[in-house]
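J.: Handing you this structure, nothing more for now.
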Amino acid sequence: MAATSDIVQKLWNLCNVLRDDGITYLQYVTELTYLLFLKMAQETGTETQLPEGYRWGDLISKGETEQLIFYRSLLLMLGSDKSSQRVQAIFANAQTSLKIPRILKKLVTSIDDLDWFSEHRDEFGDLYEGLLQKNADEKKSGAGQYFTPRPLIDAMVALIKPQPGELIQDPAAGTGGFLIAGDRYIRQNHEVFEWTEAEQSFQQHQAFYGVELVQDAHRLLLMNMMLHGIEGAVDLGDTLSATGQQLAKADVIITNPPFGTKKGGGLPSRDDFTYPTSNKQLAFVQHIYRSLKPGGRAAVILPDNVLFEDGQGKSIRADLMNKCNLHTILRLPTGIFYAQGVKTNVLFFQRGTTEKDNTKNVWIYDMRTNMPSFGKRIPLTAGHFTEFEQCYGDDPNGHSLRVDLGENGRFRCFTREQIQNRNENLDISWLRDDSLQSGDDLPEPEVIASEIMEKLRIATQEMAALLILLEGEEAAEAVTASVGLPGLE
């Protein structure tokens with residue numbers, strides 16, 4: 001079998017063919033999802049989940065012009081109740097972006113000619129994840145919002161240590177990176193062959209669950225999970241609605257919630273949040289700590305504004321530190337997400353068995369100051385997290401013996417009292433930024449511009465949300481239009 005990376009590259013090179021038909025990168029990966037699903041079902045002998053007459057062999061046997069017509073009808077059939085429930089979900093509202101018959105013929109023939117399978121069938125899942133990574137890396141695709149860098153996912157999962165028998169949730173599941181990494185971690189660190197049939201069934205069907213809002217991402221998610229042997233319930237819906245309210249309490253939550261403000265400045269449509277807010281991340285924070293079982297643990301990626309925003313933000317942070325032990329914050333470097341101006345952190349916390357005074361100390365690791373701006377030129381690797389992992393320790397809940405490295409070190413401890421005296425502001429930095437002293441290490445101009453635009457966007461959205469409360473939505477739209485920035489999204 002060809003190396004997984006070689007097949008990924010060959011498939012990705014086919015995208016050049018699709019450009020002739022006006023296909024975007026994200027449309028291409030979605031198109032590949034349909035075709036790879038059919039090919040995989042043939043190779044693995046699982047075509048019984050597909051209606052007869054609508055399988056890979058039927059597609060490849062058609063002539064060039066007839067094939068495109070048949071392909072369109074095939075997508076409709078697979079999304080109907082003639083297919084299994086999982087197949088229906090993958091092909092829900094599916095339609096092809098292809099218009100030129102020879103382009104489809106080229107794709108189908110190229111996929112059929114590749115050497116896909118060996119005895120290591122897990123490689124197919126890794127291959128598909130490789131395609132998703134390629135898509136996220138393309139700036140023009142806009143898909144980075146669905147893809148958290150693999151080294152960061154692996155570091156978070158390794159520190160939070162999911163265990164067999166635990167319920168593991170991602171309320172903003174994207175393409176499934178956290179859930180798949182959680183399953184991989186468990187299988188690599190436990191003797192799978194010793195599991196009972198019931199334990200294996202739990203791991204496959206119940207252990208991993210969550211929600212994804214965007215249908216195209218949900219489609220990729222279901223395919224990705226299926227290729228990795230995970231069949232947990234990951235619904236298409238809005239976590240900030242009743243859908244999220246109905247999710248089972250979790251032992252572990254690992255997630256990267258979407259950035260931004262709820263469209264129109266509206267509030268989440270669920271009634272169990274103590275602190276209503278249009279800020280999506282602050283709403284997700286409430287969902288996460290409310291969804292943990294007592295003793296449950298979470299690792300969540302959040303932008304800087306969650307650490308310092310006043311008003312409801314201050315109240316939510318105080319509530320989080322009351323109900324949970326917020327033991328660790330990792331200040332992430334810049335450039336690792338699709339919006340370079342967004343500065344992010346990972347918050348690690350454990351739900352307490354009581355509702356008060358669970359946070360005594362917050363340890364902060366600064367992986368941002370005097371670090372490179374990561375991107376294509378300097379890729380983020382697992383090695384960049386080594387020092388933080390050593391400081392964090394083996395205990396997933398932050399109880400390992402830790403050392404404050406002082407004003408010149410990257411790892412420091414701040415008491416709950418110190419944070420209260422800062423007006424519950426967790427946006428704490430202490431290292432001197434050498435780039436401010438010299439022009440040699442300044443970020444690229446586009447990075448600086450992105451950061452300025454992101455700050456303007458946040459400020460404009462907050463001002464518009466306030467105007468909605470005071471003067472109505474029309475006044476808010478007038479403000480966002482006057483400064484040439486997007487409105488509330």
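J.: Per residue of segment 241-258, in order, report the coupling 6.51 cos²θ - 1.76 cosθ + 1.60 (Karplus, θ = phi - 60°) as ³J(HN,Hα) in whole Hz, putting x for Gly and Pro.
T.: Rounded to whole hertz, the list is 10, 4, 4, x, 5, 8, 5, 5, 4, 10, 7, 9, 10, 10, 6, 10, x, x.
J.: OK, next. Which entries in the list LYS106/LYS376; LYS323/LYS376; LYS99/LYS343; LYS280/LYS360 go over 32 Å, if you measure between the two C-alpha atoms of each?
T.: Beyond 32 Å: LYS323/LYS376; LYS99/LYS343.
J.: Given a Förster distance of 56 Å, report the FRET efficiency between LYS99 and ASN425 from their Cβ-Cβ distance, rounded to the nearest 0.05.
T.: 0.55
J.: Count charges around LEU332 for me, please; just the other residues with Cβ under 9 Å from its Cβ, Lys/Arg as +1, Asp/Glu as -1.
T.: For residues surrounding LEU332, the net value is +3.
J.: May I ask you to give the solvent-accessible area per residue for segment 284-426, in square angstrom, as obtained with a 1.4 angstrom probe?
T.: Here the residues of segment 284-426 average 40 Å² of exposed surface.
J.: If DNA, RNA and ligands are ignored and the probe is 1.4 Å, what is the ranking of SER400, SER61 by accessible area, most exposed first?
T.: SER61, SER400
J.: For segment 213-228, in order, what is each residue's ³J(HN,Hα) by Karplus, 6.51 cos²θ - 1.76 cosθ + 1.60 with θ = phi - 60°, in whole Hz (x at glycine and Pro)?
T.: 7, 8, 5, 4, 5, 4, 4, 5, 4, 4, 5, 4, 5, 4, 5, 9
J.: Measure off, as a whole percent, the carbon and sulfur share of the 1.4 Å-probe accessible area of segment 287-377, all protein chains present.
T.: Exposed carbon and sulfur together represent 48 percent of the surface.
J.: Which net charge results for the neighbourhood of ALA382, defined as the other residues with beta-carbon distances under 11 angstrom from its beta-carbon, given Lys and Arg at +1 and Asp and Glu at -1?
T.: Net local charge, ALA382 excluded: -1.
J.: Spelling out what I want: for every residue of segment 289-303, take phi, set θ = phi - 60°, compute 6.51 cos²θ - 1.76 cosθ + 1.60 (Karplus), and round to whole Hz; glycine and proline get x.
T.: 6, 6, 8, 7, 5, x, x, x, 10, 9, 9, 9, 8, 9, x
The values are calculated or read from the model by the stated rules, or taken from the named source; none is laboratory data. Only a predicted model underlies this, so the values are computations on that prediction, with no experimental measurement involved. With ideal geometry, Cβ positions are generated from the backbone for all residues, glycine too; neighbour counts draw on all protein chains shown. These accessible areas exclude ligands, DNA and RNA; they are computed on the full protein's heavy atoms, side chains included. Shrake-Rupley method; radii C 1.70, N 1.55, O 1.52, S 1.80 Å.
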